[in-house]
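The values are calculated or read from the model by the stated rules, or taken from the named source; none is laboratory data. Keep in mind that this is a model prediction, so the values were computed, not measured. In this analysis, Cβ positions are derived from the backbone assuming ideal geometry, glycine residues included, and neighbour counts consider all displayed protein chains. Side chains included, ligands, DNA and RNA excluded: accessible areas come from the protein's heavy atoms. Shrake-Rupley method; radii C 1.70, N 1.55, O 1.52, S 1.80 Å.
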Amino acid sequence: MARPRNPRPLPPALLLLLPLLLRAGDHLPTEGRLTNSCIQARRKCQADPTCNATYHYLNSCASSISTSSPAEEPLVPEDCMEAAQQLRNSSLMSCTCHRRMKNQATCLNIYWTIHPARSLGDYELDVSPYEDTVTRKPWKMNLSKLNMLIPDSDLCLKFAMLCTLNDKCDRLRKAYGEACSGSRCQRHTCQRQLRAFFEKASEPHSQGLLLCPCAPTDQGCGQRRRNTIAPSCALPPEAPNCLELRHVCVSDPLCRSRLADFQTHCHPMDILGTCATEESRCLRAYMGLIGTALTPNFVSNINASVALSCTCRGSGNLQEECERLEESFSHNPCLMEAISAKMRFHSQLFSQDWAASTFSVMERQGCHATDELPRWLSGKKSACQRRSHRRCKSDPWGGTIAWRRK
């Protein structure tokens, strides 16, 4: 019997690419990769009759938990509190979720079922249902492709172009652009697509789009930055009371989780502004709120101040409580420094001359990427549709991008 031939060795170039190819489709964490996923902990609980019965009882408690006013935390019946205490030695008590995991909604529902009385105001580091991990990945964008832009293009325009050059970022951005366009846009659909973008697009792309630095005098750049989240659809047309908005948020497990995560990682620990955790965690928590009832945004085209789209007018004797919530965004030193640091980093990325560009790459992209998009997304006057001496590509939030002639 002939011996099987040894397989041919892989070419060196393919060996170098193999790790990237293996990771290419592995974007969303599964519950198996978390330290103690709530979904895994729930399965373990199901195998224990006592734990399983207690969990089912806690699940039935959800309908009996109520809030008497937007400013108050949920009122949890005593028997439900006792049931939660019975699970204190279970792995459920320390379980977590991940904002990019599959079955995230299921995981968060389990978390809040076993923590019915967990307050959003105590700022303990275990309040957030999300696993506190920060992965540092190398910058993977090819900035040299931007040398075709006219020299004075603002940085928001450059980051928009980097997103367009990336298939995944471009696809996700177009999806929420389409969902958030038109005078009759559906806010919930728009917000869902916004969340999908900030959860699934790579952080360098999503953070570059949202936190691009602009000169105070460059209102066009500032307007593009403000329009990143499509505020005309994603935000309410009239500013509601901030406490009412928070009441809507805490009634939804996803929004409540994102708010708890924000309060955990962007909370100043003392009057000196010492922050609870790293800037990267605060930024991730802040961006996690985009697409929820508490979606923040830049307040103007001339600075990088952010705020919720709500007011404290009509708060009565809850005025102070309302102002605390509003100022946790508009006057938060940890958040402000995290945003400023990221913008400084983005500015430094473009501080050198990126000369090694390949025009043929842009040529293959063509001028058809935005043909099917709504007018506000693709730009009403696309130079790709005009006879012009310049090569160009449409930018969804700022009209057209002019390219230099070679």
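Descriptive notes on the structure:
- Test: T135 is closer than 30 Å to S94 by Cα and either under 18 Å from the mean Cα position of the chain (by Cα) or modelled with pLDDT of 95 or more (or both): yes
- Taken over the range 200-214, residues that are under 18 Å from L289 (Cβ atoms) and open to solvent by 30 Å² or more (accessible area, probe 1.4 Å) amount to 2.
- Only listed residue being modelled with pLDDT of 65 or more, in contact with a His (Cβ under 6 Å, 6 or more places away or on another chain) and not in a loop (DSSP other than H, G, I, E, B), chosen from C169, C156: C169
- Hits in the range 306-333 (condition: in a loop (DSSP other than H, G, I, E, B) and open to solvent by less than 70 Å² (accessible area, probe 1.4 Å)): S309, C310, C312, S315, N332
- When residues of the range 52-72 are limited to those that are touching a helix residue (DSSP H, G or I) at 6+ places or on another chain (Cβ under 8 Å) and in a loop (DSSP other than H, G, I, E, B), the one modelled with the highest pLDDT: I65
- Hey, R324 more than 15 Å from I229 (Cβ to Cβ) and either touching a Pro at 6+ places or on another chain (Cβ under 6 Å) or in contact (Cβ under 8 Å) with a residue 60 or more places away in the chain (or both) or not: no
- Within the range 215-229, the residues that satisfy the criterion of being surrounded by fewer than 23 Cβ atoms within 10 Å (Cβ to Cβ) and either touching a strand residue (DSSP E or B) at 6+ places or on another chain (Cβ under 6 Å) or of a type in the set (A, V, I, L, M) (or both) are A215, R226.
- Selection within the range 189-229 - part of a loop (DSSP other than H, G, I, E, B) and within 14 Å of A160 (Cα to Cα): A201, S202, L211, C212, P213, C214
- Of residues in the range 233-273 being among the small types (G, A, S) and more than 18 Å from the chain's Cα centre (by Cα), the one most open to solvent (accessible area, probe 1.4 Å): S251
- S280 vs. criteria open to solvent by 30 Å² or more (accessible area, probe 1.4 Å), of a type in the set (S, T, Y) and more than 17 Å from L325 (Cα to Cα): yes
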